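K.L.:
Let me give you the structure first, and then I'll get to my questions.
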Amino acid sequence: MTQLVVGGAQMGAIQRADSRKAVIARMIALMEEAASRGVEMLVYPELALTTFFPRWYMEDAAEVDAWFEREMPGPQTAPLFEKARELGIAMTFGYAELTPEGRHFNTSILTNRKGEIVGKYRKIHLPGHVEYDTERAFQHLEKRYFEPGDLGFPVWRNEGVVMGMAICNDRRWPETFRCLGLQGVELVTIGYNTPSVNSQMSAEGLKERLFHSELSLQAGAYQNATYVAGIAKAGVEDGHPLMGGSIIVDPNGFVIARAETEEDELIVAPCDFSACAFGKSTIFDFARHRRIEHYGRITSQ
Ligand code: ING
């Protein structure tokens, strides 16, 4: 029976002019608070090192690539890994990855409590658009700056727990959770940067955004008998509001920890992963109950 104290390190706004050094210092401060509260596994947001730069239309490749990391850990992120090793805290965080081959991904990594990277995920469901969209109140250019992930939806047994990662928009797609659920996932970590308003000027505002995020995370947890940690980068970045709403959800779909602010805020939930077993062996015993002969449409169109 494995238990881990899981923490969510919601981060407030990162302005375009903020240095990675200043951001890493905030992440380390959240990790030190996490250690003081007994956290053993800490979840940071999507693109945790920089502002949500896909809101900006850029044409110059060097300007775009300045938002990306060429190595992980690198000189600027090494202090975070050293602190994690010192405190014995496993972590996930998201960042923009530029590979040696010149490929661009919206990526997250998973470490063990020794600060060693044990897993990598590259965001598969990229929302938004490629070209400047004059119809939008603001841009959402993830399809311009990132390729769809090429690593699938893997899981890893880390610190005794079967863990999987997803990123932001992935949480809105049930396929994400089911691909992880079919591998016995017990903790899904999902960092997100979600605008508080809809760039396509629908009436959809913060209330709807928060509801849809929580609905997606709770459904994913319940329907796959897994814990889920959905952790925001929130606050107003250069005038553009991102929603908070970070939560940790148990395998029955209940919210067991919730952020109250749109700032740097730590949420903490002791998780007993034996709680996943009941759902996986009864109502969501996939081997006994699923009828895959009827599901072809999901992968064929
Ligand atoms: N952000 C948003 C998200 O999926 C979005 C984009 C918001 C799409 C609301 C649809 C509706 O939470 C990222 N980064 O995916």
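The values are calculated or read from the model by the stated rules, or taken from the named source; none is laboratory data. Please read all numbers here as calculations on a predicted model, not as lab measurements. Please note: Cβ atoms are built from the backbone with ideal geometry, for glycine as well, and neighbour counts cover all protein chains shown. We work out accessible area using only protein heavy atoms, side chains counted, and drop any ligands, DNA or RNA first. Shrake-Rupley method; radii C 1.70, N 1.55, O 1.52, S 1.80 Å.
K.L.:
Quickly run through segment 70-94 and pick out the residues that are within 21 Å of residue 147 (Cα to Cα) and either open to solvent by 20 Å² or more (accessible area, probe 1.4 Å) or assigned to a helix (DSSP H, G or I) (or both). So that I can check it myself, show each step before the final result.
P.N.:
Within segment 70-94, the subset within 21 Å of residue 147 (Cα to Cα) is 70-72, 92-94.
Scanning segment 70-94 gives 70, 71, 72.
K.L.:
I've got another one for you. When the residues of segment 40-56 are filtered to those that are outside any loop (DSSP other than H, G, I, E, B) and not aromatic (Phe, Trp, Tyr), which remaining residue is nearest to the ligand (Cβ to nearest atom)?
P.N.:
Of all residues in segment 40-56, those outside any loop (DSSP other than H, G, I, E, B) come to 41-43, 53-55.
Remaining after also requiring not aromatic (Phe, Trp, Tyr): 41-43, 54-55.
On the way: 41: 23, 42: 20, 43: 16, 54: 7, 55: 10 Å.
Only one residue fits best here, namely 54.
K.L.:
Quick check on my filter: what residues within segment 206-225 are of a type in the set (Asp, Glu) and away from the ligand (no atom under 11 Å from the Cβ)? So that I can check it myself, show each step before the final result.
P.N.:
Step one: list which residues in segment 206-225 are of a type in the set (Asp, Glu), which gives 208, 214.
214, the sole residue that qualifies.
K.L.:
Let me spell it out: the conditions are (1) hydrophobic (A, V, I, L, M, F, W, C); (2) touching a strand residue (DSSP E or B) at 6+ places or on another chain (Cβ under 8 Å); (3) surrounded by fewer than 20 Cβ atoms within 10 Å (Cβ to Cβ), and residue 190 meets all of them except one. Which number is the exception?
P.N.:
Residue 190 satisfies every listed condition except (3).
K.L.:
Moving to a separate point now. Taking into account only those residues within segment 176-189 that are within 16 Å of the ligand (Cβ to nearest atom) and touching a Ser or Thr at 6+ places or on another chain (Cβ under 6 Å), which is farthest from residue 286 (Cα to Cα)?
P.N.:
Of all residues in segment 176-189, those within 16 Å of the ligand (Cβ to nearest atom) come to 176-177, 188-189.
If we keep only those that are touching a Ser or Thr at 6+ places or on another chain (Cβ under 6 Å) as well, we get 188-189.
Working: 188: 18, 189: 22 Å.
Per the stated criteria, the residue is 189.
K.L.:
Report yes if some residue within segment 138-147 is touching a helix residue (DSSP H, G or I) at 6+ places or on another chain (Cβ under 6 Å) and not in a loop (DSSP other than H, G, I, E, B); otherwise report no.
P.N.:
Within segment 138-147, one or more residues are touching a helix residue (DSSP H, G or I) at 6+ places or on another chain (Cβ under 6 Å) and not in a loop (DSSP other than H, G, I, E, B).
K.L.:
Quick check, is residue 203 part of a loop (DSSP other than H, G, I, E, B), closer than 22 Å to residue 53 by Cα and within 16 Å of the ligand (Cβ to nearest atom)? Even if it seems obvious, please write down each step before you answer.
P.N.:
Numbers: part of a loop (DSSP other than H, G, I, E, B): yes; closer than 22 Å to residue 53 by Cα: no; within 16 Å of the ligand (Cβ to nearest atom): yes.
Spelling it out, it is not the case that residue 203 is part of a loop (DSSP other than H, G, I, E, B), closer than 22 Å to residue 53 by Cα and within 16 Å of the ligand (Cβ to nearest atom).
K.L.:
Exactly one of (1) part of a loop (DSSP other than H, G, I, E, B); (2) buried (at least 18 other Cβ atoms within 10 Å of the Cβ) is unmet by residue 260. Its number?
P.N.:
For residue 260, the exception is condition (2).
K.L.:
Moving to a separate point now. Can you confirm whether residue 127 is within 11 Å of the ligand (Cβ to nearest atom), modelled with pLDDT of 95 or more, open to solvent by 10 Å² or more (accessible area, probe 1.4 Å) and not in a strand (DSSP E or B)?
P.N.:
Details: within 11 Å of the ligand (Cβ to nearest atom): yes; modelled with pLDDT of 95 or more: yes; open to solvent by 10 Å² or more (accessible area, probe 1.4 Å): yes; not in a strand (DSSP E or B): yes.
Spelling it out, residue 127 is indeed within 11 Å of the ligand (Cβ to nearest atom), modelled with pLDDT of 95 or more, open to solvent by 10 Å² or more (accessible area, probe 1.4 Å) and not in a strand (DSSP E or B).
K.L.:
Any chance segment 289-296 includes a residue that's under 23 Å from the mean Cα position of the chain (by Cα), of a type in the set (Gly, Ala, Ser) and modelled with pLDDT of 95 or more? Explain how you work it out, then say what you get.
P.N.:
Residues of segment 289-296 under 23 Å from the mean Cα position of the chain (by Cα): none.
No, because not a single residue in segment 289-296 is under 23 Å from the mean Cα position of the chain (by Cα), of a type in the set (Gly, Ala, Ser) and modelled with pLDDT of 95 or more.
K.L.:
Can you say whether residue 135 is open to solvent by 60 Å² or more (accessible area, probe 1.4 Å), closer than 30 Å to residue 172 by Cα and within 16 Å of the ligand (Cβ to nearest atom), as far as the supplied structure shows?
P.N.:
Yes.
K.L.:
Let me ask something else about it. Mind telling me which of the residues 140, 104 ends up being touching a residue at least 24 places away in the same chain (Cβ under 8 Å), surrounded by fewer than 20 Cβ atoms within 10 Å (Cβ to Cβ), within 16 Å of the ligand (Cβ to nearest atom) and not hydrophobic (A, V, I, L, M, F, W, C)? Steps first, please.
P.N.:
Working: 140 fails: surrounded by fewer than 20 Cβ atoms within 10 Å (Cβ to Cβ).
Just one listed residue meets the conditions, 104.
K.L.:
Within segment 35-47, which residues are surrounded by fewer than 24 Cβ atoms within 10 Å (Cβ to Cβ) and touching a residue at least 24 places away in the same chain (Cβ under 8 Å)? Don't jump to the end; show me each part of the working.
P.N.:
As a first pass, look at segment 35-47 and keep what is surrounded by fewer than 24 Cβ atoms within 10 Å (Cβ to Cβ): 35-38, 40.
Answer for segment 35-47, where residues must be surrounded by fewer than 24 Cβ atoms within 10 Å (Cβ to Cβ) and touching a residue at least 24 places away in the same chain (Cβ under 8 Å): 35, 37, 38, 40.
K.L.:
For residue 237, are the conditions met, namely being of a type in the set (Asp, Glu), within 16 Å of the ligand (Cβ to nearest atom) and surrounded by fewer than 20 Cβ atoms within 10 Å (Cβ to Cβ)? So that I can check it myself, show each step before the final result.
P.N.:
Numbers: of a type in the set (Asp, Glu): yes; within 16 Å of the ligand (Cβ to nearest atom): yes; surrounded by fewer than 20 Cβ atoms within 10 Å (Cβ to Cβ): no.
In short, no.
K.L.:
Restricting the search to segment 143-175, which residues are within 12 Å of the ligand (Cβ to nearest atom) and under 17 Å from the mean Cα position of the chain (by Cα)?
P.N.:
Within segment 143-175, the first condition is being within 12 Å of the ligand (Cβ to nearest atom), and the residues that meet it are 143, 145-146, 166-173.
Scanning segment 143-175 gives 146, 166, 167, 168, 169, 170, 171, 172, 173.
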